[in-house]
1. How do the pairs read when you match residues in segment 115-128 that are in a strand (DSSP E or B) with residues anywhere that are of a type in the set (Ser, Thr, Tyr) and open to solvent by 30 Å² or more (accessible area, probe 1.4 Å), using Cβ under 8 Å and keeping only pairs 6 or more apart or on different chains?
2. Pick from segment 103-147 the residues that are closer than 20 Å to residue 159 by Cβ and of a type in the set (Ser, Thr, Tyr): which of them is modelled with the highest pLDDT?
3. Which condition breaks for residue 149 when tested against (1) open to solvent by 50 Å² or more (accessible area, probe 1.4 Å); (2) more than 27 Å from residue 100 (Cβ to Cβ); (3) out of contact with any Phe, Trp or Tyr (no Cβ under 9 Å at 6 or more places or on another chain)?
4. Is it the case that residue 89 is at pLDDT 75 or above, among the basic types (Lys, Arg) and surrounded by 11 or more Cβ atoms within 10 Å (Cβ to Cβ)?
5. Mind telling me which of the residues 98, 107 ends up being touching a residue at least 12 places away in the same chain (Cβ under 8 Å), closer than 21 Å to residue 51 by Cα and open to solvent by less than 50 Å² (accessible area, probe 1.4 Å)?
6. Is it the case that residue 161 is within 17 Å of the chain's Cα centre (by Cα) and open to solvent by less than 60 Å² (accessible area, probe 1.4 Å)?
Amino acid sequence: MSNIVDPLVGQIASRIRTERERRRWTLAQLADASGVSQAMISRIERGESSPTAVVLGKLSAAFQLSVSSLLALAEGAREETDDGLGEVRRQADAAEWRDPATGYRRRQITSPHFPAEIAEIRLPAGARVPYPAAAFAFVRQAVWVLDGRLTFHDGDTVHELDAGDTIELGEPSDRVFANTTDTACRYAVVLTRGTRP
């Protein structure tokens, strides 16, 4: 059973396949570049397996995309001929991705055509989501805590962020988003792209 709300599971599978084929990579080449097994990539591309946030982080890093970019492209796959500007996007209609390992939930706020990517994340109590530095290549990113408390690891530096706190991120480093409390944390990620890979 898929842990991604339909129809997003198929859109993520299609986008990962598209990004791999766009680079003319075999499954073995993507596996080598990402550290994700060929078998897992194949299952994800066929829509048979729901990738975790960690797996998406590794795949997006191999593509030199952020997780936010990869998910925005996946969600926007059905809207590629429509820029979406000037249209209201209702929360009830928005696709939400759920990490099957942690319960982390992510909803894209902006379409892939908007110059900044904004995502809303809900991190359950006790959840910890690590991303490799390569997932942050070519992007500028800010994190804004909306509710709860976020323990944010930026390389070797740890920041405790409360509701209303923000942090603007610099050079790519390994990063961990953690909720060490017993209540959910909700935060927004705002991302702009630098040099396109």
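The values are calculated or read from the model by the stated rules, or taken from the named source; none is laboratory data. This one's a predicted model, so the numbers in the text were calculated from it and none came from an experiment. Reconstructed Cβ throughout: ideal geometry from the backbone, glycine too, with neighbour counts over all protein chains shown. Calculation scope for accessible area: heavy atoms of the full protein, side chains included, ligands and nucleic acids excluded. Shrake-Rupley method; radii C 1.70, N 1.55, O 1.52, S 1.80 Å.
1. 116/192; 117/192; 123/102; 128/102
2. 104
3. Answer for residue 149: the failing condition is (2).
4. yes
5. Going through 98, 107 in turn, the sole match is 107.
6. Considered against the rule, which asks whether it is within 17 Å of the chain's Cα centre (by Cα) and open to solvent by less than 60 Å² (accessible area, probe 1.4 Å), residue 161 comes out as no.
Listed here are the residues, each with its yes/no results for (1) at pLDDT 80 or above; (2) touching a Leu at 6+ places or on another chain (Cβ under 9 Å).
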residue	(1), (2)
35	yes, no
48	yes, no
73	no, yes
78	no, no
